[in-house]
Amino acid sequence: MGSSAKRKKEKKKDFQKPKLKVGKSKPKAANFTDTSFKAKSIVLTQQSLSTTAPSSASQFSHHLSMLAHKSDTQRRESLAYLTSAILNTPPGAQLPQPVAVILPEVQRLVLDGSNSVRLQLLKLLQSLPRADIASHADQILLYTRAGMTHLAGDIRLSSLDVLEWLLQVAADEVVGCAGGWVKTLKCFLSLLSWQTDASGKWSSSKATLGKTGGESKIVVKQMNAFASFIRAGLSNPSEGTEISDAISSSFPLWHLEQHTLPERPNAFGRLNLFGAPRDEETEMYEDREDRQRIFREKAEVAVMAGLEHAKKGGGEMGRAAAQLRKAIVGGMVDFCGEEVGNK
């Protein structure tokens, strides 16, 4: 009986509620942990505050990679950093990255949808060493022609700025590279609506007339760029003629210029020794007389007819047409081929 009464008493004790006096704190649990202490400092092992700043070459490479960022602000800022780094390079010193690495990363931005990015791109291109542009002129020209035929008018305008810059720094390479003369010539005729007809000859139309506002400005700029292109391809290189004649006629140095090493890149590219067969459109026309012949056979009639229509518009368009006509007449004045009027 004693053990049974004891068990009942213990069970009853489990369900009894302790009586708490006023102001007395609640008893602490059996698994209570005291966290009232405060640490004055926390020390981490293997902690070092000394860091090495990244080199200029690594920062340059980083910003080159950021040119593919989806944010146009980031692309513009990266272009600005690259431009500043190139301009701050001392004369004669090497760039953080060679031009052969820079141009493939930046040339695709010719087709960028942001106007601020394209403006900054032009500043970067203008900061590059001119001597290193010639060997890459053909690749830049591909993106430039794509921009010239873009649906967006502002991209077409900025592409013409890139073409003007390219003609200033590497004119011979632009008109002499594979497809540089015929493809670019056709591109301009297409922009000015001087298209080919069913017979295969290029004919002009009156589509350039009656354009107002932004479209008229685009046509004027296209004609000005076309005039620069014609001067680069058809003008007679008279500079240095007297010096070369003096060298070639000074005994015992006879025809020295024909035996010196070529200065232009890919000097024997016109031979196309290892490339795919070329047609008339993709051929290299390094000789001025060949470019004159192609222009006479394929484009002169259409261009002159188109210029007559453009001159009737007057104003800026008429002045641009007059400049283009002057460039063509000056470039074809000494051509000995068949006259247009006799065809």
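No value in this document is a laboratory result; all are computed from the given coordinates. Computed from a prediction, not measured in an experiment: that's the story for all the values here. Note that each Cβ is placed from the backbone with ideal geometry, even for glycine, and that neighbours are counted across all protein chains shown.
See the values below:
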| quantity | calculated |
| --- | --- |
| Nitroxide proxy distance, nm - points 7 Å out along Cα→Cβ at residue 168 and residue 131 | 2.0 nm |
| In sequence order, calculated HN-Hα J values of segment 313-323 (Karplus, 6.51, -1.76, 1.60; Hz; x Gly/Pro) | x, x, x, 4, 5, x, 5, 5, 5, 5, 5 |
| Length released on extending from residue 74 to residue 289, taking residue separation times 0.36 nm less the Cα-Cα span | 72.7 nm |
| Net +/- balance of residues flanking residue 142 in space, Cβ distance below 12 Å, scoring K and R +1, D and E -1 | +2 |
| Ranked 33, 282, criterion: other C-beta atoms within 10 Å, fewest first | 33, 282 |
| Potential extension, residue 15-residue 305 segment - 0.36 nm per residue separation minus Cα distance | 93.2 nm |
| For residue 84, net neighbour charge (Lys/Arg +1, Asp/Glu -1) across residues whose Cβ lies under 13 Å away | +1 |
| Cβ-derived FRET efficiency at R0 56 Å, residue 26 paired with residue 119, nearest 0.05 | 0.20 |
| Label-point separation in nm, residue 319 to residue 336, each point 7 Å along Cα→Cβ | 3.9 nm |
